[in-house]
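These notes concern the structure reproduced below.
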């Protein structure tokens, strides 16, 4: 189990292998982001995207799936996330793309008011199969402290 004490600022990880399907792009868009360029080839062809593309929110969801699979495999003492500081959709994601994530821990600090938990900030970039960034974000996390009396509050 990875706890707050085990995390080192500067640590990098690369993970994920998510194949984007046409069916999933349309299903997600139908439910959550029903804009024509996420639903219809003809409509999408007339836009900046040039063809059917995934919703940015769908790209976030696929990234989240890869993150959860990675961190669950590591057996992290994660307590969730209080949000995202930055988020940008850099390039469209298309059916047939294969996504992966690179993450770097850029900050950690122990909570002063709740010493049993620590806060993290991670820079994450999702790439397509060509190595092109499609999503960039700074995500915040909360992680359990193994033994609050052994960690210096920051």
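Values quoted throughout were computed directly from the atomic coordinates according to the rules given, and no laboratory measurement underlies them. Just so you know, these numbers come straight off a predicted model, no measurement behind them. Reconstructed Cβ throughout: ideal geometry from the backbone, glycine too, with neighbour counts over all protein chains shown.
A few comments on the model shown:
- Identified option (computed Rg and Dmax of the Cα atoms in Å; candidates (1) 15.2, 51; (2) 19.1, 60; (3) 17.9, 61): (3)
- For the range 127-150, the residues whose amide N sits under 13 Å from a probe point set 7 Å from the Cα of residue 90 along the beta carbon direction are 127-138.
- The chain - mean residue ellipticity at 222 nm from DSSP helices (-39,500 (n - 2.57) per run, n ≥ 4, rounded to 500): -7500 deg cm²/dmol
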